[in-house]
1. Here are 430, 386, 382, 445: which of them is within 24 Å of residue 262 (Cβ to Cβ) and modelled with pLDDT under 95?
2. Just wondering, is there one or more residues in the range 214-224 that are without any contact (Cβ under 8 Å) to a residue 60 or more places away in the chain, in a helix (DSSP H, G or I) and more than 30 Å from residue 280 (Cβ to Cβ)?
3. Can you pull out the residues in the range 64-113 that are surrounded by 14 or more Cβ atoms within 10 Å (Cβ to Cβ), assigned to a loop (DSSP other than H, G, I, E, B) and touching a helix residue (DSSP H, G or I) at 6+ places or on another chain (Cβ under 9 Å)?
4. Go through the range 454-489 and give me each residue that's touching a helix residue (DSSP H, G or I) at 6+ places or on another chain (Cβ under 9 Å) and under 15 Å from residue 237 (Cβ atoms).
5. Taking only the range 305-321 into account, find how many residues are in contact with a strand residue (DSSP E or B) (Cβ under 6 Å, 6 or more places away or on another chain) and surrounded by fewer than 18 Cβ atoms within 10 Å (Cβ to Cβ).
6. Kindly establish whether residue 533 is in contact with a strand residue (DSSP E or B) (Cβ under 8 Å, 6 or more places away or on another chain), assigned by TED's automatic domain parsing to the domain that holds residue 617 and in a strand (DSSP E or B).
7. Quick one: is residue 474 modelled with pLDDT under 95, farther than 30 Å from residue 318 by Cα, under 20 Å from the mean Cα position of the chain (by Cα) and in a loop (DSSP other than H, G, I, E, B)?
8. Go through the range 725-754 and report how many residues are without any contact (Cβ under 8 Å) to a residue 40 or more places away in the chain and surrounded by 13 or more Cβ atoms within 10 Å (Cβ to Cβ).
């Protein structure tokens with residue numbers, strides 16, 4: 001064999017092909033199950049040529065040797081057959097993944113057979129040539145690699161200056177005669193332009209790596225997506241809301257979406273519902289049934305008003321103080337005594353004494369008046385006798401408005417991004433994010449807004465279908481016409497549409513029109529009496545005012561706060577497994593619940609979670625409320641577990657007190673004050689009675705010491721002693737001796753002190769020693 005050179009240009013095969021004196025191997029193919037080889041030669045072989053005998057020595061299996069192999073060696077040649085320039089060789093079995101060599105050898109001389117070229121009498125091959133591989137099948141050159149030292153490389157170049165210097169150094173070696181460095185030179189200009197492009201590409205490379213992790217991501221969109229995968233929803237703020245009173249001279253309709261503006265027209269609001277403003281609702285006086293110096297106590301959920309308006313269930317009603325109870329003068333400085341309620345019932349009645357038509361109105365317990373409202377008073381006048389003054393009034397024609405101004409519809413026209421997704425920019429930047437409007441929720445709840453449930457006020461239409469905004473597209477069907485609004489910290493925002501798998505892929509060449517509102521955040525929490533304009537103007541509207549400050553507006557969640565809170569989102573309990581989970585979830589997440597307790601019981605075929613609920617203010621656990629709690633827990637309960645909701649077991653108290661009064665007060669006055677402080681309601685000054693339902697919950701023991709303290713704080717009380725302290729209707733134990741009455745886990749102590757219903761608790765007070 002000749003010297004085995006490794007050459008870049010192998011010309012021997014072409015030379016043998018052009019010659020007629022010698023033959024040689026061109027290439028080899030492994031056939032079928034790797035037991036048959038087809039060896040292709042440069043010229044026809046001696047033997048059969050198209051069925052005609054050919055001259056020369058015919059090759060046979062004794063002249064073929066297969067060598068090589070790591071695990072499978074000694075592969076023999078079984079049979080051979082010749083057809084033109086192809087020699088078909090059958091071997092004893094397939095080889096392994098290593099390299100083998102097929103060689104032509106004269107069995108007598110041990111050299112290359114006559115008529116064959118020594119350089120082309122052997123060929124390397126692999127039995128696994130047809131198996132998948134990630135490497136190139138071409139033979140690798142054996143020539144050593146050399147390092148190109150002529151190119152200046154600085155792998156630390158990452159910015160414009162370093163790239164510019166790197167290119168100047170390179171040119172100093174390739175074009176040494178070029179020494180011009182004037183910025184106006186064309187070559188310098190091109191060089192600096194390339195440095196700028198390189199700087200930009202370097203930034204993009206770094207940005208991709210930075211945006212891949214929550215801790216290093218700088219774009220708000222990236223942080224938002226990382227947090228979503230952790231189960232944490234980033235909020236983009238929420239639009240503020242306010243109640244606006246509209247005084248009119250005649251019936252005036254206020255449409256949903258009607259704009260309202262502040263006095264300086266800096267902030268705009270929109271009506272969330274329709275309103276038929278009635279001049280009879282501009283002012284409604286409280287009807288006190290001939291009594292004077294009346295107060296609507298804190299915690300009240302009903303009132304009587306003079307007739308004249310057209311109030312109905314679901315209407316908002318403003319209760320506000322308009323005059324001082326002593327001076328009778330208008331109240332301008334104290335704006336705290338203003339409160340809006342949502343009416344649940346409106347009942348027309350007639351005063352049987354004089355036939356005066358009046359209206360009885362009620363509202364939800366959540367809207368209970370939080371302060372005592374002075375309704376009427378008797379004040380002195382300079383020139384005449386004392387006269388009655390209305391200190392507070394009720395006003396209808398109240399509309400709920402939300403921060404944000406409707407923008408003119410525009411057409412989206414951005415191109416596809418590199419991934420084929422359509423991400424058009426929303427003109428004007430970040431839209432309004434608003435909480436859903438509940439048409440039946442109490443007025444108090446309308447201003448208690450959760451920014452995490454706020455959604456963007458954006459709508460897109462292509463003429464045939466409307467696209468709706470969603471939080472993300474992870475749960476969207478392939479044909480769902482939905483999109484995601486992705487705002488950045490700089491105020492810009494893009495609309496991300498689906499890709500045909502998660503959400504419908506829109507046609508970006510079609511005409512897509514977007515309508516949206518702008519304006520939200522804490523800037524919308526304008527003060528009272530700030531909203532004074534209605535657009536367009538209407539001569540029937542006398543005044544527009546917001547009696548209370550707007551509330552509920554919040555700014556987007558800071559990105560750094562998301563980095564801190566999102567990694568712990570998975571720790572939030574979103575399932576009820578143990579019996580304690582049912583009580584904890586109901587207590588913490590269901591509105592109007594003071595405390596709840598859960599117990600799991602095997603009911604014969606499955607487990608049932610019995611949830612006992614203590615509602616705020618001792619409200620009744622009625623059938624609608626039970627169903628609401630069941631629906632709420634349905635998303636958290638384990639499969640195969642039923643849920644039943646029940647009220648707590650009341651523990652009525654039987655309490656008797658002997659009080660020693662001072663001679664400075666009447667006994668009856670002392671008794672009345674003691675009954676007030678130990679009552680289950682709200683006192684005239686807004687304080688709760690000691691036995692208010694919210695002061696006790698499951699298992700809360702009742703101690704005598706707080707009772708003594710409350711009674712001794714009453715003016716004119718010198719001494720107090722309990723003569724009876726036990727459960728009503730049950731034998732007395734050692735409660736009086738120990739000074740504490742214990743209750744069980746699902747029991748709640750109560751003392752309603754209703755003589756007609758002693759089973760709700762009985763309080764007996766005996767006062768001696770006074771006047």
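1. Step by step, each of 430, 386, 382, 445 is checked, and only 430 is within 24 Å of residue 262 (Cβ to Cβ) and modelled with pLDDT under 95.
2. yes
3. The answer is 105, 106, 113.
4. Residues satisfying the conditions are 471, 486, 487, 488, 489.
5. Count: 4.
6. Here the answer is no, as residue 533 does not meet what is asked.
7. Yes; evaluated as a whole, the condition is true for this residue.
8. Looking only at that region, the number is 6.
The values are calculated or read from the model by the stated rules, or taken from the named source; none is laboratory data. None of these values were measured; they are calculated from a predicted model. Here Cβ is always computed from backbone atoms with ideal geometry, including for glycine, and neighbour counts include all displayed protein chains.
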